[in-house]
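This report refers to the structure that appears directly beneath it.
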Amino acid sequence: MYDVAAYGKMIADELRMSAYAAALQECVTSDSVVVDIGTGTGIFALLACKLGARKVFAIEPSDAIELARETAKANGFENRIEFIQDVSTRVSLPEPGDVIISDMRGVLPFLGQHIPSVIDARRRLLKPDGVLIPESDTLWAAVVDGGELYKRYREPWESEPFGLDLRAGRRYVVNTWRKAYVGAEELLSSEQCWATLVYRTIDEVKIRDVINLAITKSGLSHGLSVWFNSILHGKISLTNHPEAPELIYGRGFFPWERPVEVDAGDHVVIELRADLVGDDYVWTWSARFFGKDSSAKPRAAFNQSTFAAGLMSPSKLRKVASSFVPKLSEDGELEKFILSLFDGTRSIENVAREVHARFPNRFQRWEQALDEVSKVSAEFS
């Protein structure tokens, strides 16, 4: 979840805001119903009202929605915006939207539940002839010289501070992609389209494709840069291309296991995939480096994945195996007991007193149990 300062940075991104405002202006009429998914502090919902929308449904699971309510009231829109604190996939609306607007991408469109949420909203919350903003995102990739960025992340694990060998941490950082502002001057290859997401028709939440990138400039390559070009509506677009002015999104940087010298005329075959696992994506990227002679054997080859960057103890891995037979821990028993008392007849204080009586070794006073009960109540009640 973002804090208010992060939302402020998004609002301060003039290129992003101008493009989204222009898209709304082309779509919203005095009879429009607008659905703002992931409204955050409510900027798109407010813009829709300012442009004359008859009704706006602003959906946001985080407490940022409280600030959105305040700003709606301050601007005189509280009667036209209905705020719903939940994830959109659990929301039903009294009427479908003429326009659905969202910006839940992050650095790249494959982020958390972004794509499943858009698919669900298109099917359930949008009129058959309704408008989706954005309409599409196209992802592009190129081989880059990202030496400074690469050094920044690897050096702590290779510099042997105080004479200590910390190289075990290296495999985690080289299997982690990150946000980076890699510039056009750092591109070493041609650019190639990796995937196009058309939100009107997309049904798949994962992507896998192979691209062949021709090296156009000799240098030391450190990884792959990935960015997107977005069509918001009609001819209104947005891009975080390396040559474009910087946007809040940045660009994705996928490092190699080690730097590789490349020469103009070489080519790199890359398989890049994103698989939704639970609430977020596992990224996998493999690279094969070939010289001008295009020999069958690559000069260098890497297989990397964010799965290898996950820090998980053997005991935790054992607990998620399909053959594991789970039994509740004390924490599990505690939460189960608290939830069993949420029957609509007890106050939080009464529940806390019963929890204290049931788990006296854990809570010396009922006030201590109150903190735990309040957390569970905030999550599930």
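The values are calculated or read from the model by the stated rules, or taken from the named source; none is laboratory data. Everything numeric in this text was worked out from a predicted model, so none of it was measured. Using ideal geometry, Cβ is built from the backbone for each residue, glycine included, and neighbour counts are taken over all protein chains shown.
Let's see how each residue does on (1) under 27 Å from Pro61 (Cβ atoms); (2) modelled with pLDDT of 95 or more; (3) in the same structural domain as Ser62 (by TED's automatic domain parsing); (4) out of contact with any Asp or Glu (no Cβ under 6 Å at 6 or more places or on another chain):
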{"residue": "Leu339", "(1), (2), (3), (4)": "yes, yes, no, yes"}
{"residue": "Phe342", "(1), (2), (3), (4)": "yes, yes, no, yes"}
{"residue": "Thr345", "(1), (2), (3), (4)": "no, yes, no, yes"}
{"residue": "Asn350", "(1), (2), (3), (4)": "no, yes, no, yes"}
{"residue": "Phe363", "(1), (2), (3), (4)": "no, no, no, yes"}
{"residue": "Gln368", "(1), (2), (3), (4)": "no, no, no, yes"}
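Please indicate, with yes or no, whether at least one residue in the range 95-109 is of a type in the set (Gly, Ala, Ser) and under 20 Å from Ser237 (Cβ atoms).
yes
Test each condition in (1) outside any loop (DSSP other than H, G, I, E, B); (2) under 27 Å from Val268 (Cα atoms); (3) of a type outside the set (S, T, N, Q) for Leu317 and report the one that comes out false.
The failed condition is (2).
How about the range 30-50: which of its residues are closer than 22 Å to Arg123 by Cα and not in a helix (DSSP H, G or I)?
Asp31, Ser32, Val33, Val34, Val35, Asp36, Ile37, Gly38, Thr39
Scan Ser305, Ser329, Ser286 and give me the residue that is without any contact (Cβ under 8 Å) to a residue 12 or more places away in the chain and either within 18 Å of Val144 (Cα to Cα) or of a type in the set (Gly, Ala, Ser) (or both).
Ser329
Name the residues in the range 2-22 that are in contact (Cβ under 8 Å) with a residue 40 or more places away in the chain, of a type in the set (D, E, K, R) and farther than 14 Å from Ile133 by Cβ, would you?
Lys9, Asp13
Of the residues Ser62, Ser88, only one is surrounded by fewer than 19 Cβ atoms within 10 Å (Cβ to Cβ) and under 19 Å from the mean Cα position of the chain (by Cα); which?
Of Ser62, Ser88, the one residue that is surrounded by fewer than 19 Cβ atoms within 10 Å (Cβ to Cβ) and under 19 Å from the mean Cα position of the chain (by Cα) is Ser62.
Return the residues of the range 155-199 that are on the phi < 0 side of the Ramachandran plot, exposed (fewer than 14 other Cβ atoms within 10 Å of the Cβ) and among the hydrophobic types (A, V, I, L, M, F, W, C); say none if nothing qualifies.
Those that are on the phi < 0 side of the Ramachandran plot, exposed (fewer than 14 other Cβ atoms within 10 Å of the Cβ) and among the hydrophobic types (A, V, I, L, M, F, W, C): Leu164, Leu166, Ala168, Ala184, Cys193, Val198.
Under the condition of being among the hydroxyl-bearing types (Ser, Thr, Tyr) and at pLDDT below 95, which residue from the range 269-305 is farthest from Cys193 (Cα to Cα)?
Only one residue tops the list, namely Ser295.
Is it the case, given these coordinates, that Ser313 is modelled with pLDDT of 95 or more, over 26 Å from Ser189 (Cβ atoms), surrounded by fewer than 19 Cβ atoms within 10 Å (Cβ to Cβ) and not aromatic (Phe, Trp, Tyr)?
no
Starting from residues that are surrounded by 24 or more Cβ atoms within 10 Å (Cβ to Cβ) and aliphatic (A, V, I, L, M), keep the ones in the range 205-226 and report whichever is farthest from Pro255 (Cα to Cα).
Taking the candidates together, the pick is Val226.
Could you please tell me which pairs satisfy a Cβ distance under 9 Å, a separation of 6+ or placement on different chains, a first residue in the range 56-84 that is more than 14 Å from Phe44 (Cβ to Cβ) and in contact (Cβ under 8 Å) with a residue 12 or more places away in the chain, and a second residue that is among the polar types (S, T, N, Q) and assigned to a helix (DSSP H, G or I)?
Note: pairs meeting the criteria are Pro61/Ser88.
I'd like to check something: does the range 352-362 contain any residue that is loosely packed, with under 10 Cβ neighbours inside 10 Å and either among the hydroxyl-bearing types (Ser, Thr, Tyr) or in contact (Cβ under 8 Å) with a residue 60 or more places away in the chain (or both)?
No, the range 352-362 contains no residue that is loosely packed, with under 10 Cβ neighbours inside 10 Å and either among the hydroxyl-bearing types (Ser, Thr, Tyr) or in contact (Cβ under 8 Å) with a residue 60 or more places away in the chain (or both).
Any residue in the range 66-83 that is surrounded by 16 or more Cβ atoms within 10 Å (Cβ to Cβ), out of contact with any Pro (no Cβ under 6 Å at 6 or more places or on another chain) and within 30 Å of Trp177 (Cβ to Cβ)?
no
Just wondering, is there one or more residues in the range 208-224 that are closer than 30 Å to Ala21 by Cβ and assigned to a strand (DSSP E or B)?
No, the range 208-224 contains no residue that is closer than 30 Å to Ala21 by Cβ and assigned to a strand (DSSP E or B).
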